[in-house]
Amino acid sequence: MFRRLSLSAAIFAAATAPAFAHLNPEEHGSFMAGFSHPLFGMDHILVMVAVGLWATQISQTGNRKALWIVPSAFVGTMAIGFALALSGIELPFVEPAILASVIALGLLVAIAVRLPTAVCAAIVAVFALFHGHAHGSELGSAGALQFSIGFVIATAFLHIAGIAAGLGISRFSPHVARILGGITALLGLSLAFGG
């Protein structure tokens, strides 16, 4: 078990090292640009992993379906937000909503909020709409299909990483996930007010 946790920690460290080193979507509207976009942005990593951690917390109340419903709600609604941006439909406060999602989801994990799965899915879906819109608005005239497939797969990967971390951590102590949620919220505040 310790080896798995060490491997997970190494993967997270490797993924966050080149933070904010996105391929420019306007120049590289490719699968790799889409795939790399969530993996190299601190805000994306924090939110996607927090969704997985929260889904794990919710599932431990007896509703195992939350493990796939909550992350699926995020991925599906993110794709809708992406399509809205490509269609030219504007959303207000996209960047503030993304930063708020880091703080809010971190707090939800830190407090270990247990709500009905449908409510949890709706909460993550609201935030996902803004994340997807940001992906679409950054794309410009590049290849939307390849880019969207890339970022959907990367997002699902980060959710799975969060779920795996949550399941592994829960074997030791539920408090570790809550601490990670608190750290996520603090990092969200630093992104929001760090200049």
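Observations
- Those helices (runs of 4 or more DSSP H) of segment 106-195 in which 3 or more residues are under 20 Å from MET78 (Cα atoms) and not aromatic (Phe, Trp, Tyr) occupy 117-139, 144-170.
- Exactly one residue out of ALA121, ALA165, ALA97 is within 26 Å of PHE35 (Cβ to Cβ) and surrounded by fewer than 22 Cβ atoms within 10 Å (Cβ to Cβ): that is ALA97.
- Filter pass, SER59 being open to solvent by less than 50 Å² (accessible area, probe 1.4 Å) and at pLDDT below 95: yes
- Segment 124-153: number of residues that are open to solvent by 40 Å² or more (accessible area, probe 1.4 Å), polar (S, T, N, Q) and in contact with a Phe, Trp or Tyr (Cβ under 7 Å, 6 or more places away or on another chain): 1
- Residue within segment 169-176 that is under 17 Å from PRO38 (Cα atoms) and open to solvent by less than 20 Å² (accessible area, probe 1.4 Å) present: no
The values are calculated or read from the model by the stated rules, or taken from the named source; none is laboratory data. Because the structure is a prediction, the values reported are computed rather than measured. A quick note on method: Cβ atoms are made from the backbone with ideal geometry, for glycine too, and the neighbour counts reach across all protein chains shown. The area values use the complete protein model at the heavy-atom level, side chains included, leaving out ligands, DNA and RNA. Shrake-Rupley method; radii C 1.70, N 1.55, O 1.52, S 1.80 Å.
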